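Report on the structure given below.
The values are calculated or read from the model by the stated rules, or taken from the named source; none is laboratory data. A quick note: this is a predicted structure, and the numbers were derived from the prediction, not measured. Heads up, the Cβs are rebuilt from the backbone with ideal geometry, glycines too, and the neighbour counts pull from every protein chain shown. Keep in mind that these areas ignore ligands, DNA and RNA; they rest on the heavy atoms of the full protein, side chains included. Shrake-Rupley method; radii C 1.70, N 1.55, O 1.52, S 1.80 Å.
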Amino acid sequence: MKKYKLLLKLLLIMYFLTCPYQNIIAKAENEGNKNLSTTEEAKNAVENIYFVRSSAFIDGNIKTLESYYDTSQNLGKWSLEHEVRRIKYLNTWAKERGMKFDEVSSTIKVRKTINTKGRIKFLLDEYYKFQYHYKDDEAKTPNVFGVGIIHSVELAKKSSKWLIYSDWYTDCFEDALKAYTGDIKENIAIDDNSPPIFNIPNCYKSPEDQKKAFSSKFNRLKAVEYADKYCGIPWASGNTEKYPKKYKNFTGVGGNCTNYVSQCLGDKEGGGLKADSTWFYVHSPYSGGAGSKAWVNADGFKNYLIYSGRGRVLKRGTFKDIVNTNCTIISQLELGDLICYAKGRDIDHFAIITGFDSKGYPLINSHTTDRYHVPWDLGWGDKNIYFHIIKMR
């Protein structure tokens, strides 16, 4: 009998000892499920806000955006104003060229979630898809381009609604926004019949003309295939590997644009242009390797191309200078040629020509901010911007 009493006491002790831990575990599981639910809710809110913002590019309804940002503090106010400036700029850019956007959409991929008291921060990639046509094109031929952006977006919940507390990101339109304000006085008038400011020459090249046999020291078509494969935008590339692992990514440490263009021209998978003692990349299994100044630096690369004779400048000037040449410059461009972007005298950026739209407007790919078949001047609207149109030999 004593044995049974002793066993009963032991069982009771074990129960009371383990019960609190069971409660703690259950509570932790409930908190985990709650956090997961909250995170998913906030992620859905971001997707919805970005959907509304993408729609504003089409319908000009910028006033709707106000209700999705926490403008009670400066970070939310600045984030909203930046979006408004972008929408104004893109609308003006399209009108001046006689274009109209038919569809703008974006998808996101969350890299990291950080939960703070009362707020949730997402580190994420956003992938845009823009579709446009020319107003004077009776067939309304669709043209599509893509942009990839890295965000650090923070949300706060107010009155049971998630609002953007702050949204920081690399913006491919940044240099063109200086002339625009973030004021929201009224919605933007999208559908007007105002004539374009720039008389964009129709330099149409058929797909067959674009892919003709080129006389060149590198394979232009392979260079473009490489540029598309590693453009960094999954829907455009169909590639699970965003960037090639054998090269270091210099985004955030000076920019990756020149390194990317050099890869397109020189990698064996790309154009196969032979490296030399000035323009080269040394691979390393540990650090990703390093490139020479001519390989990774925009100014160094531009000087190398010209002085080595591998490229020549067809034209240097503002956007007006170049489009007013009536196709004499644009008609000379081929897939694999390059565009160098300068802020005054400062060489700042490089891109590779990867296509031509339905009117023959040159389209480019580039990195740092990922671009896929983007109209060559989009985002470079400041009066101090100069373009170097480089013909590869």
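Does Y341 fit the bill of being open to solvent by less than 10 Å² (accessible area, probe 1.4 Å), hydroxyl-bearing (S, T, Y), within 21 Å of N256 (Cα to Cα) and not in a loop (DSSP other than H, G, I, E, B)? For Y341, the condition - open to solvent by less than 10 Å² (accessible area, probe 1.4 Å), hydroxyl-bearing (S, T, Y), within 21 Å of N256 (Cα to Cα) and not in a loop (DSSP other than H, G, I, E, B) - is met. Put simply, of G270, G255 the only residue that is over 25 Å from L333 (Cα atoms) and open to solvent by less than 60 Å² (accessible area, probe 1.4 Å) is G255. When you check A189 against the structure, is it in contact with a Phe, Trp or Tyr (Cβ under 7 Å, 6 or more places away or on another chain) and among the small types (G, A, S), yes or no? Judged against the criteria, A189 is not a match. Checking each residue in segment 51-70 for being of a type in the set (S, T, Y) and either farther than 16 Å from K185 by Cα or in contact with a strand residue (DSSP E or B) (Cβ under 7 Å, 6 or more places away or on another chain) (or both) picks out S54, S55, Y68, Y69. The single condition among (1) under 23 Å from the mean Cα position of the chain (by Cα); (2) crowded, with 21+ Cβ neighbours inside 10 Å that F319 does not meet is (2).
Among the residues of segment 204-234, those identified as hydroxyl-bearing (S, T, Y), at pLDDT 85 or above and outside any helix (DSSP H, G or I) are Y204, S206, Y230.
Look at segment 48-68: where a residue is on the phi > 0 side of the Ramachandran plot and a partner is buried (at least 20 other Cβ atoms within 10 Å of the Cβ) and not aliphatic (A, V, I, L, M), sitting 6+ places away or on another chain with Cβ atoms under 8 Å, you get G60/N91.
Looking at D348, D321, D276, D357, which one is at pLDDT 95 or above, of a type in the set (D, E) and within 21 Å of G381 (Cα to Cα)? Only one candidate passes the filter, namely D357. In the condition set (1) of a type in the set (G, A, S); (2) crowded, with 18+ Cβ neighbours inside 10 Å; (3) free of Cβ contacts under 8 Å to residues at least 60 places away in the same chain, G148 is compliant with all but (3).
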